[in-house]
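Participant: Please see the structure below; I have some questions.
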Amino acid sequence: MTDTLLHSPVSPDSALEILQKTYGFDHFRGAQAEVIDHVTCGGHAFVLMPTGGGKSLCYQIPSLLRNGVGVVISPLIALMQNQVDALRQLGIRAAAVNSTISGGDIAETKNAVLRGEVDLVYVAPERLLMDDFMHLLDEAPIALFAIDEAHCVSQWGHDFRPHYKQLSVLAERYPSVPRMALTATADAPTRRDIIDCLKLEDGQSFIAGFDRPNIHYSIVGKNNARAQMLSFIREHHAQDSGIVYCLSRKLTEETAAWLCGEGFTALPYHAGMAADMRKKHLERFLQEEKIIIVATIAFGMGIDKPDVRFVAHMTIPKNIEAYYQETGRAGRDGLPASALMIYGAQDAAMQRNFVETSSASEAQKRIEHQKLNALLGLCETAGCRRQVILDYFGDSCAPCGNCDTCLNPPETFDGTVVAQKALSAVYRTDQRFGTGYVTDVLRGKENARILGFGHEKISVYGIGADFSAAEWQAVFRQLIALNLLKVDAQYGGLQLTQAGLDFLKEKKTLRLRKAEKGKKRKTLRKAAAEQSFADEVDIALFNDLKAVRTELARKQGVPPYVIFHDKTLQDMVLLKPDTMESMAMVHGVGASKLDKYGPAFLGVIRKAV
Ligand code: ADP
Ligand code: ZN
């Protein structure tokens, strides 16, 4: 029997004092205060917050307030050191235990834990479950268990880890130590699995809203993906770090090489790369500024580089959940960020194919198809993107004013005749061809393929010459999204669905979105930092502060944001503190960082003013 029942908040500090003194933040966000209160008093908790919502504080502060060490279980060994570094900068006694750490260091950490000299220990589940670690926990005072990325316990979730499932042992072996499960994954079956496995029935659930208002969403139809990507990055994010997602390993390599050729620092990242190369690229991404990582979806879980300013998809993601999680990696520091998706009919076909040819059960496939339909609905909506996304998660909002459709409401037109032409063309060419070929037939092209099949003689040949190829692409995308057409999983040919046949037979009407032509669009802001400053002097000061930060970071071998976030530097520019006292008022400047870095940054500000 452990003595954890006797634990009670013993520290005189209050949670708010720690937030302000140690972290340098003014107030709690959303449900943070409630969660911290509940867990500090010994309760179990299930915490669902979007990425960047501020989950870490929810277990860090109770670990500081309660007696004993806070044990944080995380699947992401590669990122543990980063988290530990960031906490140490704040003066918090943190350590990691995993396979990359030497035996000597681990022994030292264990002794420190026994002596009660560690506030937080980060450990991979495999490691936690080993006998030696369990024995340590039997002996040491434990403040709490925080199970981060808790969706990994669920086979429904997208990151199932068998070791996570075994964490059910925590409830049996340490029943009175508070257990917290934290995740950003929304769906109900996953939630149930987590609560079940970690025995959180008696705990409290804290479910935050899903909105990430600082992320600008836009989705564009594909006509030339590279040109579209390039103008997006050049116009809005030339000075920023970002993530570009691609569908295949080969494409990530090619796209990274191409971006480098365009003058950016871009690195590929995918599961097929050698492990040490992957590690190196991840480290560079975390350490450097103005860097782009080009990745398959294998990349990203738990990435908490706070200054990722954009997440761009070269092709459609798997479904809305995946999309929201991937785009959620942008703008964790709360500053404006953007998400761009380039979406083509062929991508949709490819995703359908993945589902169809997977080894999943028929029931599971049906679910996946529905999820894909919801994603296509998001792509084709003429309404607010954010409303569609939040609605998918059972949340809601007013039209957001920060997505492409809010800023430039798409024009719609009576698409009845156009849809009839498209569907007939698919039908008359025997439902065997993809959008490119059917478009050529509609536009009356004379090429060898068309002549070879004799399709220049059919009634639909040339009836769509008034539309450009791009306009027809947009029409086909919408007809697929509306489920009037489907794409043959094996060969990529377009086929009429029952709904498509009914549409033709019953002479239904239909409104469609107009394809975007090169017209000037209202666009979002320039780079986040520049926008907030009024004049050149401030921009220069901001850059000087950044330079000091880079230098300090380099000396210690940590990423610049571990020293201070951009938001903190921005605050310095706006407030121009001239004493240590006024420096302490700046967002993100806690006592430890004030000591360490206050003088250096004050020096730069004094020189500029
Ligand atoms: P999550 O784990 O939920 O994705 P984090 O815990 O990493 O999110 O927090 C995201 C960012 O927000 C971090 O940079 C963190 O320092 C910052 N943050 C968290 N809580 C607050 C707060 N109360 N005030 C200001 N910044 C906060
Ligand atoms: Zn909107």
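The values are calculated or read from the model by the stated rules, or taken from the named source; none is laboratory data. Every value quoted in this text rests on a predicted model; they were computed, and no experiment measured them. A quick note on method: Cβ atoms are made from the backbone with ideal geometry, for glycine too, and the neighbour counts reach across all protein chains shown. Side chains included, ligands, DNA and RNA excluded: accessible areas come from the protein's heavy atoms. Shrake-Rupley method; radii C 1.70, N 1.55, O 1.52, S 1.80 Å.
Participant: May I ask you to verify whether residue 292 is farther than 22 Å from residue 122 by Cβ and touching a Phe, Trp or Tyr at 6+ places or on another chain (Cβ under 9 Å)? Spell out the reasoning first.
Facilitator: Numbers: farther than 22 Å from residue 122 by Cβ: yes; touching a Phe, Trp or Tyr at 6+ places or on another chain (Cβ under 9 Å): yes.
So residue 292 passes the test.
Yes or no, residue by residue, for (1) within 16 Å of ligand 1 (Cβ to nearest atom); (2) under 12 Å from the mean Cα position of the chain (by Cα); (3) without any contact (Cβ under 8 Å) to a residue 40 or more places away in the chain; (4) open to solvent by less than 40 Å² (accessible area, probe 1.4 Å):
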residue	(1), (2), (3), (4)
310	no, yes, no, yes
315	no, no, no, yes
323	no, yes, no, yes
337	yes, yes, no, yes
341	no, no, no, yes
350	no, no, no, no
361	no, no, yes, no
375	no, no, no, yes
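Participant: Of the residues 376, 340, 390, which is more than 16 Å from ligand 2 (Cβ to nearest atom) and either outside the structural domain of residue 259 (by TED's automatic domain parsing) or closer than 30 Å to residue 235 by Cβ (or both)?
Facilitator: 376
Participant: Between 502, 488, which is modelled with pLDDT under 90 and not assigned by TED's automatic domain parsing to the domain that holds residue 219?
Facilitator: Answer to the check: 488.
Listed here are the residues, each with its yes/no results for (1) out of contact with any Lys or Arg (no Cβ under 8 Å at 6 or more places or on another chain); (2) closer than 20 Å to residue 39 by Cα; (3) free of Cβ contacts under 8 Å to residues at least 24 places away in the same chain; (4) small (Gly, Ala, Ser).
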{"position": "79", "(1), (2), (3), (4)": "yes, no, no, no"}
{"position": "107", "(1), (2), (3), (4)": "yes, no, yes, yes"}
{"position": "129", "(1), (2), (3), (4)": "yes, no, no, no"}
{"position": "134", "(1), (2), (3), (4)": "no, no, no, no"}
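Participant: Which of the residues spanning the stretch 68-92 are in a loop (DSSP other than H, G, I, E, B) and in contact with a helix residue (DSSP H, G or I) (Cβ under 8 Å, 6 or more places away or on another chain)?
Facilitator: 68, 74, 75, 90, 91, 92
Participant: Related question: Which of the residues spanning the stretch 353-377 are farther than 23 Å from residue 391 by Cβ and part of a helix (DSSP H, G or I)?
Facilitator: Listed by number, the residues that qualify are 353, 354, 356, 357, 362, 363, 364, 365.
Participant: Sticking with this one: Among the candidates 111, 82, 98, 67, single out the residue that is more than 16 Å from ligand 1 (Cβ to nearest atom), within 28 Å of residue 594 (Cα to Cα) and not small (Gly, Ala, Ser).
Facilitator: On inspection, the qualifying residue turns out to be 67.
Participant: Quick check on residue 265: is it of a type in the set (S, T, N, Q) and open to solvent by less than 20 Å² (accessible area, probe 1.4 Å)? First the steps, then the outcome.
Facilitator: Values: of a type in the set (S, T, N, Q): yes; open to solvent by less than 20 Å² (accessible area, probe 1.4 Å): no.
Here the answer is no, as residue 265 does not meet what is asked.
Participant: Considering the stretch 401-440 alone, what residues qualify as being within 16 Å of ligand 2 (Cβ to nearest atom) and either out of contact with any Pro (no Cβ under 7 Å at 6 or more places or on another chain) or aromatic (Phe, Trp, Tyr) (or both)?
Facilitator: Those that are within 16 Å of ligand 2 (Cβ to nearest atom) and either out of contact with any Pro (no Cβ under 7 Å at 6 or more places or on another chain) or aromatic (Phe, Trp, Tyr) (or both): 401, 403, 404, 405, 407, 408, 409, 410.
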